[in-house]
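Single-structure report; data block below.
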Amino acid sequence: MGAAELREGFLVCLGCGREHSPDRVLYTCPNCGGLLDPRYDYESVKREVSPSQLAGRVRSMWRYAELLPTDAKHAVTLGEGFTPLVEARRGGFFFKLEFSSPTGSFKDRGSSVLISKAVELKARATAIDSSGNAAASLSAYSAKAGLPCYVFAPAYASPSKLLQSQSYGSRVFKVEGTRRDTYEVATAAYTRFGWYYCGFQTNPYASEGMKTIGYEVCEQLDWKPPDWIVFPVGTGSGLVGCWKGLGELLKLGWIHRTPHIGCVQPEGCSPIATAFLKSQAIQMVEKPKTIAEGLMIAKPLKGDLVLRALKETGGSAETVSDGEIASAGVELARVEGLFVELSAAASYAGLKKMLDSGKISPRDRVVCMLTGSGLKTPEAYAEQTVRAELIKPEVEEVSKALSG
């Protein structure tokens, strides 16, 4: 069945194409195990709303309510979305400040929709496996909805992120091993106890919140899409969501072309970027290791969708070293006044490499996604290599002045 024939609100399997009711609790297709995607009646949306009508609406992602899968009247929201889009000091490109979201990361968009859907489905509790940002975000929105939340995190996760989750009242379980191990423990738990699983890799509603990034970027640029949108990628939920949102704007006729999309991953865990650059299938990373802990996803379930997004938009991928990530984070703080976590700084590191290599032209209008706050992982900036770069020049200068 083609996309145009699908009934509004139904979930379609991206693998076998079967429809499923949104009234059932489903994470993947019960027929083939494929990922599920909500669909909408775009002709009806065209009749109900136009870009000019958005101006007077609430400045949050719920201004796009006709294109979200839950009733906005019952939305669980903390005012997420419509984050600032600021031009870089050196000009020529823009930063999307997703770290200004209520809990400090872009995950709030997905959490708002996920928890709104959980309430709609009358869930008793929520659960997630996460290295930090998604867990903290889901914890906040679960608290807002009055739902118990259970978090499963890898033992290496940042203590400050886990503390944030606990502060919202979530029960946090640390799991030794990889993110894959954490996922398997979480799956066993939510299956046994009947909790509503809000994993950003498989729950079909997570990317519905993320797609509003694409809406906002275009609206903030007066419906003139940029040439590129560059993402740091772990699970790929943000990039895939944005890609879907851009495609929907194209269907609605609100934009007339889509930007190229850039995918940036750390060298120590780059299954998607490596597959793209080598024109091969995605392979699981056996021993992922990087300072960008939020991007340490060894087997991203949405990886093939990311590859499809890159190919269909004429985009590209890049890998960056830990040193390049750390330097990008320091530069963002010093030059732009933007203090972001290192997982977010990866996108800027990748953008710089794409500019240097000619993948992106200096004449292109580019939006660089900064996904999480530096306050999430302050310990990362206390590491010796970064601390020396931050402090040593200033210490030497002040010492000379005092001794003189």
Test LEU147 against the stated conditions and say whether it is outside any helix (DSSP H, G or I), in contact with a strand residue (DSSP E or B) (Cβ under 6 Å, 6 or more places away or on another chain) and under 26 Å from ASP23 (Cβ atoms).
yes
Filter the range 298-308 down to residues that are touching a strand residue (DSSP E or B) at 6+ places or on another chain (Cβ under 9 Å) and surrounded by 24 or more Cβ atoms within 10 Å (Cβ to Cβ), then give me how many there are.
2
Scan the range 261-279 and report the pairs whose first residue is in contact (Cβ under 8 Å) with a residue 24 or more places away in the chain and whose second residue is charged (D, E, K, R), with Cβ atoms within less than 6 Å and a gap of 6+ or a chain change.
VAL264/GLU318; GLY268/LYS289
Residues satisfying the stated conditions in the range 315-333, i.e. touching a strand residue (DSSP E or B) at 6+ places or on another chain (Cβ under 7 Å), in a helix (DSSP H, G or I) and surrounded by 22 or more Cβ atoms within 10 Å (Cβ to Cβ)
ILE325, GLY329, LEU332
Give me the pairs: first residue in the range 82-101 and over 20 Å from ASN133 (Cβ atoms) and modelled with pLDDT under 95, second residue assigned to a loop (DSSP other than H, G, I, E, B) and among the hydrophobic types (A, V, I, L, M, F, W, C), beta-carbon distance under 9 Å, and six or more apart or on different chains, which are they?
PHE93/ILE360
Of the candidates GLY177, GLY146, the one satisfying the condition of being among the small types (Gly, Ala, Ser), more than 22 Å from ILE291 (Cα to Cα) and surrounded by fewer than 16 Cβ atoms within 10 Å (Cβ to Cβ) is GLY146
In this structure, is PRO69 in contact (Cβ under 8 Å) with a residue 40 or more places away in the chain, in a loop (DSSP other than H, G, I, E, B) and not hydrophobic (A, V, I, L, M, F, W, C)?
yes
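The values are calculated or read from the model by the stated rules, or taken from the named source; none is laboratory data. Please read all numbers here as calculations on a predicted model, not as lab measurements. Here the Cβ is made from the backbone with ideal geometry for all residues, glycine too, and neighbour counts use every protein chain on show.
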